[in-house]
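What follows is a set of notes on a single structure, which appears directly below.
Please treat every number below as a calculation from the coordinates, not as lab data. The structure presented is a predicted model; accordingly, all values stated were derived computationally and were not measured. For neighbour counting, all protein chains shown are included, and Cβ atoms are generated from backbone atoms with ideal geometry for every residue, glycine included.
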Amino acid sequence: MKNQNVLIEIENAVASVRLNRPTAHNGMDFDMLDAVLAAARSLHGKRDLRAVILSGEGPSFCAGLDFKTVLGKPAQAALGYAQLWLPYANKFQRWSLAWRELGVPVIAAVHGNCFGAGIQLALGADIRIATPDARISIMESKWGLIPDMGGAVLLRELLAIDVAKELTFSGRIISGSDAQALGLVTHVADDPLLQARELAAEFATRSPDALAAGKFLLQEAWHASESDAASAERHWQRVLIGSKNQRISIERNTKKSTQPFVPRKIRD
């Protein structure tokens with residue numbers, strides 16, 4: 001049976017990925033976890049794609065782990081616990097980290113509740129747009145846990161460690177506006193989906209290879225040594241210079257050409 005917990009539509013080379021448990025505020029259960037991972041896999045390698053927008057159906061983006069449903073399936077819960085012994089990123093961590101592997105901008109449009117697993121999914125996006133009154137929390141401490149779905153990897157790129165610690169220790173709920181002031185959210189907007197689509201359209205005016213290389217470069221270099229970051233710059237620039245889409249970029253800027261870009265050559 002097809003998993004309906006995530007809906008995927010592709011229009012104008014933009015993939016809309018929508019969490020679809022609206023009556024549960026898109027709380028994450030095992031079926032939704034599997035559906036999100038399947039959605040990321042299904043978009044992997046689509047080199048004509050230009051952007052991905054993550055959003056949630058109904059009143060919330062994602063209210064976090066659905067504990068009642070998850071604990072009601074003890075065998076699956078035990079298998080999930082066993083994932084903690086894997087020597088590589090487990091399926092719970094890939095809930096967020098898988099989106100960083102796609103060679104296109106990923107934008108999260110956040111509204112309503114965005115707790116725990118929800119904020120960690122949003123952190124896996126490249127850009128987060130939230131309503132001013134969105135309710136956002138790194139809520140795991142409420143349940144006696146830590147943010148373990150990629151949280152340690154993702155928070156360090158956005159927040160000072162003292163701010164990340166305070167939000168982790170307290171599990172406090174903050175608004176979208178407060179999250180933006182802290183750097184947890186990129187933009188606030190009354191209609192995050194509309195602004196996400198506008199951003200995707202703006203990005204589509206640039207070379208898809210430049211965007212992929214820029215994304216991978218920054219993720220690789222952000223916490224690397226100066227030498228390794230400079231090495232990553234050289235590598236990605238070598239990949240781009242003289243490529244078809246780089247030549248089209250020059251034509252579009254110097255001769256006002258309207259030639260369309262070709263599908264991205266850089267692989268996910």
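The figures follow:
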| quantity | calculated |
| --- | --- |
| Space enclosed by the convex hull of the alpha-carbon atoms of the stretch 3-63, per residue, Å³ | 68 Å³ |
| Packing-based order for 103-114, 152-163, using average beta carbon neighbours within 10 Å, highest first | 103-114, 152-163 |
| With Cα atoms, 0 to 90° folded angle of helix 192-203 axis to the chain main axis | 20 degrees |
| Inverse of mean 1/r across different Cα pairs in the stretch 159-268, Kirkwood, Å | 17.1 Å |
| Sequence-separation-based contact order of the chain, relative, with Cα cut under 8 Å and 6+ spacing, percent | 17 percent |
| Mean ellipticity per residue at 222 nm, deg cm²/dmol - from DSSP H runs of n ≥ 4 across the chain, formula -39500 (n - 2.57) | -12500 deg cm²/dmol |
| The stretch 145-158 - phi-based ³J(HN,Hα) in whole Hz, Karplus 6.51/-1.76/1.60, Gly and Pro as x | 10, 10, x, 10, 9, x, x, 5, 5, 8, 5, 5, 7, 10 |
| Alpha-carbon Rg/Rh ratio, for the stretch 14-159, with Rh computed the Kirkwood way | 0.94 |
| Pairwise Lys count, the chain - Cα closer than 22 Å, eight or more residues apart or different chains | 17 |
| Cβ crowding within 10 Å averaged over residues, with 115-122, 221-228 ranked highest first | 115-122, 221-228 |
| Cα-based helix-to-principal-axis angle, 244-254 vs the chain, degrees rounded to 10 | 70 degrees |
| Cα centroid separation, the stretch 200-227 to the stretch 62-111 (Å) | 25 Å |
| Separation of alpha-carbon centers, the stretch 123-138 and the stretch 162-178, rounded to whole Å | 12 Å |
| Where labels lie 7 Å past Cα in the beta-carbon direction, separation of residue 202 and residue 229 in nm | 2.4 nm |
| Convex hull (Cα only) mean projected area of the chain, reported in nm² to one decimal | 15.4 nm² |
